[in-house]
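Structure first, then comments.
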Amino acid sequence: MLQYKGRTFTAGEVKRLFEERYPHLKVDWVQAADHCIDHICKDACQCAQTEDAIFHRPAYTTYIAL
């Protein structure tokens, strides 16, 4: 996501980007909220709430690439 640093996305846009990059993987399980520096969900990625997080979540379903 480095090429998108600073850009704002909706959850749907994140899924679409993932699907374009990894067309052979099932996109249904992709949840941007699992990769946030300032938000955590049950069973989130180990990057959540760490310096390795991919997104900042300023509002529900809104994500900014870090």
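The values are calculated or read from the model by the stated rules, or taken from the named source; none is laboratory data. Since the model is a prediction, treat every value here as computed from it, not as a measurement. Glycine gets a Cβ as well: all are built from the backbone with ideal geometry, and neighbour counts include every protein chain shown.
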Can you tell me which residue in region 43-66 is nearest to the chain's Cα centre (by Cα), limited to those that are polar (S, T, N, Q) and on the phi > 0 side of the Ramachandran plot?
61
Scan region 13-36 and report the pairs whose first residue is more than 23 Å from residue 49 (Cα to Cα) and whose second residue is of a type in the set (Val, Ile, Thr) and surrounded by fewer than 17 Cβ atoms within 10 Å (Cβ to Cβ), with Cβ atoms within less than 9 Å and a gap of 6+ or a chain change.
16/27; 19/27
Quickly run through region 1-45 and pick out the residues that are modelled with pLDDT of 90 or more, of a type in the set (A, V, I, L, M, F, W, C) and assigned to a helix (DSSP H, G or I).
11, 14, 17, 18, 32, 33
